[in-house]
Amino acid sequence: MVEPIGNQYVVARPVYSENLFGEEHEKVHRCHKTFRDHLRVYFSCSSQKAKRIALGLFPIAFWLPAYRFKDWILNDIVSGISTGLVAVLQGLAFALLVNIPPGYGLYAAFFPVIIYFFFGSSRHISVGPFPVLSLMVGDAVMRIVPDVVGNSTMVNSSTIDEQRVMVAASVTFLAGIFQLLLGALQVGFIVIYLSQSLISGFTTAAAIHVVVSQLKFIFQLNVPGFNKPFGLFLTLENIFGQITKTNIADLITSLIILVVVFVVKEINSRYQTKLPVPIPIELIVTVIAAGISYACNFKEIFGVAVVGKLEKGFQAPVAPDMEIFQSCIGDGFSIAIVGFAVAFSVAKVYSIKHDYSIDGNQELVAFGLSNIVGGAFKGFAASTSLSRSGVQESTGGKTQISGLLSAVIVMIVILAIGHLLEPLQKSVLAALALGNLKGMLMQFKEIGILWKKDKYDCSIWIVTFLAAIILGLDLGLAAGVGFELLTVVFRTQFPKCTVLANIGRNDVYKNRKDYKDIYEPEGVMIFRFPSPIFFANISFFKDKLIAAVGFNPLRVLRKRNKALRKIRRMLKNGELQVTPKGLICTVNGMSDSDEELDNNRVEELYQPIDTANLPIQIDWNSDLPPNITVPRIEIHSIILDFSAVSFLDVSAMRVLKETLKEFVRVDVDIYIVGVHDGFLEKLERCEFFDEEVKQSMFFLTTHDAVLHILLKKNLAISPKFKPIKEKDISDHYIINTNGGLRSREGMVR
């Protein structure tokens, strides 16, 4: 019964153990589905299920019929054009990160968008090249087809470019296969193993790699790639070793572009609510830079490196190289996971903002097919660019029709006007690539924020960042994930255990160290373990419990059995006499030597104490005969709060049972409270209970167990409180949030 009284409440109900609660409220024993049942449901077929699968596989069939043409088409057109112009420039710029001719970046900005239009579930992300993925593909490219220093003939240059394009396409194809398989196996949840701290640290390190990789285009230096641990530092060493060969025209152009892009992007960010559309600064500086380069003939006069000839039209699809597959399995898998994690996290933000749902498994399928098709047409890995998606959403894009229109803009460049970009300096593209890194580089601010919020997350950020900087992106990601999982293991293996006390004389129990107004029943210890209990932390649990109670029950049991054996011998020899006051020694100078024990008799010391044939009941906390010393135990009841124990494995179950028995054998009652549904059923299946460890020790809440102990032991709450008389004791209690604990008849004040 619950009676609300203003902002207080009064509850009157019986003291419940788990068994009593189940019996009184007719707990239903459910038959849980087996693995075979789940397989049967998964592979069953019906018209409704087929329709649901079809709509899930082709999300366009869900949102396109509901498209509000008059309301949305103008927004999608404006958004598509704006996004398409940015996609063209980013495709050209990010191709430099892959170490392939810039024109192939246009393919990466076209084909994945078309495929995602039909299969993607997000309506706002812009699919295409992403600098981190481009750099990861570039690492694989440079490892398999390194630079040929000292031999730069036209034939060799063309051959190397063709080989690198083939490697990039094959790695992208392989990454798409991994994503498609993961989506088909419904393991989209894999993204949860990449925490926000890990992704932030990794992308920040990737941004540093991007900056270093673009320096050779800004300075126009012939620097080989180093795809190995400490490769970043070797690249910097080569750059500074050749710094005197810098092309001043490229350097000045890059610096001007960088300053202009950063300033205008800051204006776009600061006045985004007042600007109808963001200023397309990338397009503006590209047009101006290409025009000046063409008009002033920078290539001939200053020897700058330009984009060069762009192939008009599309190339025929190619089959991936199986040999490249074998040597790039790790690269393909890491690219697949990182690409999906970044895209899904961005898509999740927009889905929440615009109130629609996305499917992680379908996103894996969509990006898998996008990368397979993109790789077949000599593109490179696609995900989503944060800046490009921001343009698509901020300019009013409502659906992926804006993405389709952006692909049309890219197609126009490929088929018709691509030649206008041929005189564009590569240093301009490098500067544009760096201009898109501001958001990722600003993530350094998160270190201080994370340190204040959660030091584990901060350590994940720092370790992932340093690992990716030192070891490279592929090994760095693996090291970051490994460290992240290690922190989870560490936190579950060594959780913060607490001793609880009653706060405010009601049914609230908190850490006794955090409050002054606490009530602790005499002889009762409430111990909370806030973690699953399994093979790796069961020893830690036992050690912490023993430290909390202040004695080792096994040692106490051994001492008591040895004392009991000595008492029996002394009674038999007449050295002790039973009196109403207890045992009295009748012999002075009693020997205190211990007898030699064989192995069998040593084992007996750890068995339950048997006092059946003694003429007196021994109080182990009272005065014992001389030369018989046994540790005194002030605790008679231990309550284990298992409300945060989500599972208990078989190995831990065995040790837990032994631990409970050790306490029971020294006359300490054990109570376990707050277990989740199914916990007792698992213990029953594993034959956990016996004559010493019984189901009756499980109670519904901590307060139920405390009241049961008080009623059982007939204890007073505190010296400040009136003792409960036996006639006042009932198996019911009332919680009054203002008046403390009371029995049904008499209140404890």
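Restricting attention to the range 220-247, the residues that are touching a residue at least 24 places away in the same chain (Cβ under 8 Å) and assigned to a helix (DSSP H, G or I) add up to 6.
When we screen R68, R52 for residues that are basic (K, R), out of contact with any Cys (no Cβ under 8 Å at 6 or more places or on another chain), loosely packed, with under 10 Cβ neighbours inside 10 Å and more than 30 Å from I672 (Cβ to Cβ), the only hit is R68. Among the residues making up the range 127-157, those that are modelled with pLDDT under 90, open to solvent by less than 60 Å² (accessible area, probe 1.4 Å) and not in a helix (DSSP H, G or I) are F130, V145, D147.
Of everything in the range 280-301 that is open to solvent by 90 Å² or more (accessible area, probe 1.4 Å) and of a type outside the set (D, E), the residue that is nearest to F217 (Cα to Cα) is K299.
Conditions tested, residue by residue: (1) open to solvent by less than 90 Å² (accessible area, probe 1.4 Å); (2) closer than 27 Å to L133 by Cα; (3) not polar (S, T, N, Q).
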{"site": "L232", "(1), (2), (3)": "yes, yes, yes"}
{"site": "F262", "(1), (2), (3)": "yes, yes, yes"}
{"site": "T273", "(1), (2), (3)": "no, no, no"}
{"site": "P278", "(1), (2), (3)": "yes, yes, yes"}
{"site": "A305", "(1), (2), (3)": "yes, yes, yes"}
{"site": "S334", "(1), (2), (3)": "yes, yes, no"}
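So, N75, is that one in contact with a helix residue (DSSP H, G or I) (Cβ under 7 Å, 6 or more places away or on another chain) and surrounded by fewer than 20 Cβ atoms within 10 Å (Cβ to Cβ) or not?
Numbers: in contact with a helix residue (DSSP H, G or I) (Cβ under 7 Å, 6 or more places away or on another chain): no; surrounded by fewer than 20 Cβ atoms within 10 Å (Cβ to Cβ): yes.
No.
Considering only residues in the range 55-65 that are modelled with pLDDT under 85 and more than 18 Å from I114 (Cβ to Cβ), the one that is most open to solvent (accessible area, probe 1.4 Å) turns out to be F62.
Among strands (runs of 3 or more DSSP E) lying entirely in the range 481-539, which contain 3 or more residues that are touching a residue at least 60 places away in the same chain (Cβ under 8 Å) and either farther than 26 Å from V650 by Cβ or in contact with a Cys (Cβ under 9 Å, 6 or more places away or on another chain) (or both)?
Values: elements: 498-503, 508-511, 524-528.
The strands (runs of 3 or more DSSP E) meeting that bar are 524-528.
If you check R742 against the conditions, is it open to solvent by 50 Å² or more (accessible area, probe 1.4 Å), in a strand (DSSP E or B) and at pLDDT below 90?
Values: open to solvent by 50 Å² or more (accessible area, probe 1.4 Å): yes; in a strand (DSSP E or B): yes; at pLDDT below 90: yes.
Yes.
N506: of a type in the set (S, T, N, Q), open to solvent by less than 40 Å² (accessible area, probe 1.4 Å) and at pLDDT 90 or above, yes or no? Against the criterion (of a type in the set (S, T, N, Q), open to solvent by less than 40 Å² (accessible area, probe 1.4 Å) and at pLDDT 90 or above), N506 does not qualify. For beta carbons closer than 6 Å, sequence separation of 6+ or different chains, a first residue in the range 297-319 that is touching a residue at least 60 places away in the same chain (Cβ under 8 Å) and a second that is among the aliphatic types (A, V, I, L, M) and surrounded by 14 or more Cβ atoms within 10 Å (Cβ to Cβ), the qualifying pairs are F298/V304; K299/V306; V304/A249; V307/L421; V307/L424; P317/A376.
Listed here are the residues, each with its yes/no results for (1) among the aromatic types (F, W, Y); (2) at pLDDT 90 or above; (3) surrounded by fewer than 18 Cβ atoms within 10 Å (Cβ to Cβ); (4) within 30 Å of L640 (Cα to Cα).
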{"residue": "L477", "(1), (2), (3), (4)": "no, no, no, no"}
{"residue": "K510", "(1), (2), (3), (4)": "no, yes, yes, yes"}
{"residue": "P521", "(1), (2), (3), (4)": "no, no, no, yes"}
{"residue": "F535", "(1), (2), (3), (4)": "yes, yes, yes, yes"}
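Screening the candidates V666, V693, V706 for the property of being among the β-branched types (V, I, T), within 38 Å of the chain's Cα centre (by Cα), in a loop (DSSP other than H, G, I, E, B) and surrounded by 15 or more Cβ atoms within 10 Å (Cβ to Cβ) yields one hit, V693.
If you go through the range 307-332 and keep only what is farther than 16 Å from V373 by Cα, part of a loop (DSSP other than H, G, I, E, B) and either open to solvent by 50 Å² or more (accessible area, probe 1.4 Å) or touching a strand residue (DSSP E or B) at 6+ places or on another chain (Cβ under 9 Å) (or both), you end up with V307, K309, E311, K312.
Look at S121 and say whether it is part of a loop (DSSP other than H, G, I, E, B) and either in contact (Cβ under 8 Å) with a residue 60 or more places away in the chain or out of contact with any helix residue (DSSP H, G or I) (no Cβ under 6 Å at 6 or more places or on another chain) (or both).
yes
The helices (runs of 4 or more DSSP H) falling completely within the range 394-454 that include 2 or more residues that are under 23 Å from F202 (Cα atoms) and free of Cβ contacts under 8 Å to residues at least 40 places away in the same chain map to 446-453. For S254, indicate whether it is in contact with a Phe, Trp or Tyr (Cβ under 9 Å, 6 or more places away or on another chain) and under 16 Å from L432 (Cα atoms). It is true that S254 is in contact with a Phe, Trp or Tyr (Cβ under 9 Å, 6 or more places away or on another chain) and under 16 Å from L432 (Cα atoms). Can you tell me which residues in the range 448-464 are open to solvent by 30 Å² or more (accessible area, probe 1.4 Å) and under 27 Å from D139 (Cα atoms)? Of everything in the range 448-464, those that are open to solvent by 30 Å² or more (accessible area, probe 1.4 Å) and under 27 Å from D139 (Cα atoms) turn out to be S459, I462, V463.
Listed here are the residues, each with its yes/no results for (1) in contact with a Pro (Cβ under 9 Å, 6 or more places away or on another chain); (2) open to solvent by 10 Å² or more (accessible area, probe 1.4 Å); (3) among the aliphatic types (A, V, I, L, M).
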| position | (1), (2), (3) |
| --- | --- |
| S370 | yes, no, no |
| A376 | yes, yes, yes |
| F380 | yes, no, no |
| L386 | no, yes, yes |
| S402 | no, no, no |
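I'd like the full set of residues that are of a type in the set (A, V, I, L, M, F, W, C) and either under 28 Å from M411 (Cα atoms) or crowded, with 19+ Cβ neighbours inside 10 Å (or both), limited to the range 336-357. Please lay out each step first, then the result.
As a first pass, look at the range 336-357 and keep what is of a type in the set (A, V, I, L, M, F, W, C): 336-338, 340-344, 346-347, 349, 352.
Those that are of a type in the set (A, V, I, L, M, F, W, C) and either under 28 Å from M411 (Cα atoms) or crowded, with 19+ Cβ neighbours inside 10 Å (or both): A336, I337, V338, F340, A341, V342, A343, F344, V346, A347.
Among the residues of the range 41-73, how many are of a type in the set (S, T, Y) and more than 20 Å from N361 (Cα to Cα)? Steps first, answer last, please.
Pass one, the range 41-73, residues of a type in the set (S, T, Y): 42, 44, 46-47, 67.
Next cut, more than 20 Å from N361 (Cα to Cα) only: 46-47, 67.
Residues in the range 41-73 being of a type in the set (S, T, Y) and more than 20 Å from N361 (Cα to Cα): 3 in total.
When L441, L429, L437 are checked against the criterion of being modelled with pLDDT under 90, in contact with a Pro (Cβ under 8 Å, 6 or more places away or on another chain) and surrounded by fewer than 22 Cβ atoms within 10 Å (Cβ to Cβ), L437 stands alone in meeting it. Within the range 114-126, restricting attention to residues that are among the β-branched types (V, I, T) and open to solvent by 10 Å² or more (accessible area, probe 1.4 Å), the residue that is nearest to the chain's Cα centre (by Cα) is I115. Could you give every pair whose Cβ atoms fall below 7 Å, whose first residue belongs to the range 360-379 and is acidic (D, E), and whose second residue is in a helix (DSSP H, G or I), counting only separations of at least 6 or pairs across chains? Close Cβ pairs satisfying both conditions: E363/G188; E363/F340; E363/A343; E363/F344; E363/A347.
The values are calculated or read from the model by the stated rules, or taken from the named source; none is laboratory data. Note that the structure is predicted; figures quoted are calculated from it, not measured. So basically every Cβ, Gly included, is an ideal-geometry build from the backbone, and we count neighbours across all protein chains shown. Note: accessible area is taken over every heavy atom of the protein model, side chains too, but ligands, DNA and RNA are not part of it. Shrake-Rupley method; radii C 1.70, N 1.55, O 1.52, S 1.80 Å.
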